[in-house]
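What follows is calculated from the coordinates using simple rules that are stated; it is not laboratory data. Note that the coordinates shown come from a computational prediction; the quantities given were computed from them, not determined experimentally. Neighbour counts are summed over all protein chains in view; Cβ atoms, including those assigned to glycine, are modelled from backbone coordinates with ideal geometry.
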Amino acid sequence: MIRLGLLTAAASLAAAPLLGQSLASRVDAVREGTIEMTFASRPDVCGDGRGSIWTTRGGGYNSYECVHGPVRVTIGRSDGQTVSIRSCVACRPRTDGATQFGDVPADEVARYLLTVAVGIGGTSADKAVSAAALADANVGAELAQLARNENATISSRKQALFWFGQSDAPTKDLIALDHDLTSETLRKQYVFVLSQRHDDAAVDKLIDVARHDPNTDVRKQAMFWLGQSHEPKALAFFRDILTR
């Protein structure tokens with residue numbers, strides 16, 4: 001019994017460092033190959049098990065069967081660096097010898113992926129942002145921070161902006177991003193994201209952009225989305241500019 005107790009204690013001590021490791025340090029320990037992990041998805045997220053992912057927040061989804069399940073992320077590693085990110089929902093685990101991390105807390109992996117998105121570039125950055133946004137975690141603040149981050153790619157900032165707009169963050173926080181989005185690409189995305197909100201604050205901001213944005217194309221985009229909204233304030237805006 002004493003020997004069994006000593007073995008149990010030794011096993012516990014050996015496991016303690018692993019349990020205390022951050023996700024980043026566990027990933028960094030894998031220098032070559034692939035890592036696979038799963039985490040809980042938001043309740044409105046589903047997929048077809050073959051790579052297509054969508055949300056039911058808008059009231060519908062594509063023609064495939066909507067299967068709810070965890071997000072499964074695959075991280076490619078080469079020479080100690082993360083070189084690729086892939087994700088799917090409700091899909092089967094890999095059978096090619098990937099290092100399996102199992103279930104990971106959704107908030108931890110979401111924040112890790114948003115950190116990776118800043119430096120990885122390419123489509124993998126976009127996929128890292130999207131996977132993080134699908135997590136059953138409150139990462140609105142991190143998405144807003146990434147949207148502002150001038151060291152990240154424009155593409156990943158667009159993704160962060162889109163998903164921030166799809167989050168439960170109040171519209172006033174979305175409006176607060178305005179002055180930090182200076183490129184035409186980001187401003188057009190900003191206008192689109194505002195158009196997906198249908199409250200008075202979002203309509204007021206779209207009208208403000210349509211009137212005052214220094215970029216003509218951005219103003220046109222704002223007018224387009226205002227025209228699609230059929231909101232009384234938008235109709236009043238068009239009456240005003242057409243009768244001057």
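When restricted to residues that are exposed (fewer than 12 other Cβ atoms within 10 Å of the Cβ), assigned to a helix (DSSP H, G or I) and without any contact (Cβ under 8 Å) to a residue 12 or more places away in the chain, region 198-231 contains 2.
Evaluated against (1) more than 22 Å from ALA90 (Cβ to Cβ); (2) surrounded by 17 or more Cβ atoms within 10 Å (Cβ to Cβ), ASN138 falls short on exactly one condition, (2).
Residues in region 187-213 that are more than 16 Å from GLU231 (Cα to Cα) and out of contact with any helix residue (DSSP H, G or I) (no Cβ under 6 Å at 6 or more places or on another chain): TYR190, ARG211, HIS212.
For region 96-115, which positions are buried (at least 21 other Cβ atoms within 10 Å of the Cβ), of a type outside the set (Phe, Trp, Tyr) and out of contact with any Asp or Glu (no Cβ under 8 Å at 6 or more places or on another chain)? Step through it out loud before you land on a result.
Applying the first criterion (buried (at least 21 other Cβ atoms within 10 Å of the Cβ)) to region 96-115 yields 106, 109-110, 112-114.
Remaining after also requiring of a type outside the set (Phe, Trp, Tyr): 106, 109-110, 113-114.
The answer is VAL109, LEU113.
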